[in-house]
Amino acid sequence: MNKRFLTAGLFFMAVFYFTSAHAQVDSTKRSTVKIGIFAPLYLDSVFSNNTFRYKQNLPRFIMPAVDFVRGAQLALDSLQAGDDYIEATIYDTKSYTQPVSWLIQNKKLDSLQLIIGSVKDAEYLQLAGFAFQKSIPFISATYPNDAGITKNPFLVVVNSTLRSHCEAIYSYILQKHGTDKIYLCRQQGVQEDMVTSYFKQINEQDGKPLLPIEIINFENNLAATFLKTKLDSNENSVLIGASLDETFAGNISKACADLRKSYNITLIGMPTWDGFASLSKKNELADFPIYYTSPFFNNKADELSKWINDNYKKKYKTYPGDMVFKGFESVYLFTKLLAKHGDNFMNNINDKSLKVISDFNFRPVMLKKDATMPDYFENKHLYFIKLVNGSTSKAW
């Protein structure tokens, strides 16, 4: 058995332990906190007759959920040293025998006080509906979408929606680049139509545009030669990369980098640009900065991040990825919030004294002007990240 397979086996043993036996601390301590952690682990798919089906590596399609749960387990380990009695159960949302719908129907979740999920699609809707029915906070930790949910003041979206990113970019441009030439650069596509419509709605709230934003449509001509015909070398130019596609991001970044000696260009991309390998090519984009927004920022220099790094490395023989930190932060922060505030959790969701890694600012979202209750709560604090030569830093 090689080391990778051993690590996989140990991980799934840990998952089964937490799923069946809970994570608890001494019941003589002062309060009880019951939480459910949900992620698509696909345990029924990766095991056959109690035998792990993959001989070497863990399958890539489960790795985001695996990392999230590993981070959650580290948080539970840390929380056990505190004063609260914690009952935490990890649920596999892709279970064949006990899916989320079955858990709800058979009242297996009724005792939960908090739901934390790295979920989407049907499970997202099912957990949100259950949370509303039972008045239980549902923390959507990683999915950047409201899934069309309305009138649910118990849904908390941590990973900000695309509209919020567009709002943050627009606000920054309005404050810092209001007199510069502003271009919204896009290609054909449904997502691109959505981004364009968001900027149009934000810019024309009073019926007419506040900023003169020019749209540049690219077909197969996204290169410096074409972009040069649209820009003015005597003006500062702000380009909004209005596409979530990596190929588009790489092409427009290279075109801007090629023109940087003659044109003063600021390129701001979409949140998906975080992690695009094509934007870290030093030979093509050397010293050219690219900006994008993100609800998470961690330079991993603080003591807690170092502790996570060290403990994760000891347990899994590798360094943690971003999903590990998201799993840790969501479980640690919101469990502590529940332990401190109990039934008054939602009114104290912005308690800054419990900050873990990132800054969050949860605000009620009301999609209609005449709404009488929030459709959900969403993190509106977004970092502006600067990417240059493969390294990231907080820009604004």
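The values are calculated or read from the model by the stated rules, or taken from the named source; none is laboratory data. Predicted model, so just to flag it, every value in this text is computed and none were measured. Ideal geometry is used to build each Cβ from the backbone, glycine not excepted, and the neighbour counts take in all protein chains shown.
List the number of the failed condition for TYR170; all other conditions in (1) outside the structural domain of LEU231 (by TED's automatic domain parsing); (2) crowded, with 19+ Cβ neighbours inside 10 Å; (3) touching a residue at least 24 places away in the same chain (Cβ under 8 Å) hold.
Only one criterion is unmet by TYR170, namely (1).
Which number in (1) assigned by TED's automatic domain parsing to the domain that holds GLN113; (2) of a type in the set (D, E, K, R); (3) surrounded by fewer than 18 Cβ atoms within 10 Å (Cβ to Cβ); (4) in contact with a helix residue (DSSP H, G or I) (Cβ under 9 Å, 6 or more places away or on another chain) marks the one condition that GLU329 misses?
(3)
Please go through the range 210-234 and give me each residue that is farther than 16 Å from ILE268 by Cα and either exposed (fewer than 13 other Cβ atoms within 10 Å of the Cβ) or outside the structural domain of GLN175 (by TED's automatic domain parsing) (or both), ordered by number.
Across the range 210-234, the qualifying residues are PRO212, ASN217, GLU219, ASN220, ASN221, THR225, THR229, ASP232, SER233, ASN234.
Of everything in the range 248-286 that's over 22 Å from the mean Cα position of the chain (by Cα), in a loop (DSSP other than H, G, I, E, B) and farther than 15 Å from ALA224 by Cα, which residue is modelled with the lowest pLDDT?
LYS281
Can you go through LEU76, LEU114 and tell me which one is buried (at least 20 other Cβ atoms within 10 Å of the Cβ) and modelled with pLDDT of 95 or more?
So the residue among LEU76, LEU114 that is buried (at least 20 other Cβ atoms within 10 Å of the Cβ) and modelled with pLDDT of 95 or more is LEU114.
Identify, please: which residue in the range 347-380 is within 19 Å of TYR124 (Cβ to Cβ) and more than 20 Å from the chain's Cα centre (by Cα) and is, among those, modelled with the lowest pLDDT?
Among those that are within 19 Å of TYR124 (Cβ to Cβ) and more than 20 Å from the chain's Cα centre (by Cα), it is LEU367.
Every residue in the range 296-352 that is over 20 Å from ILE139 (Cα atoms), in contact with an Asp or Glu (Cβ under 8 Å, 6 or more places away or on another chain) and assigned to a helix (DSSP H, G or I), please.
Scanning the range 296-352 gives a single hit, ASN311.
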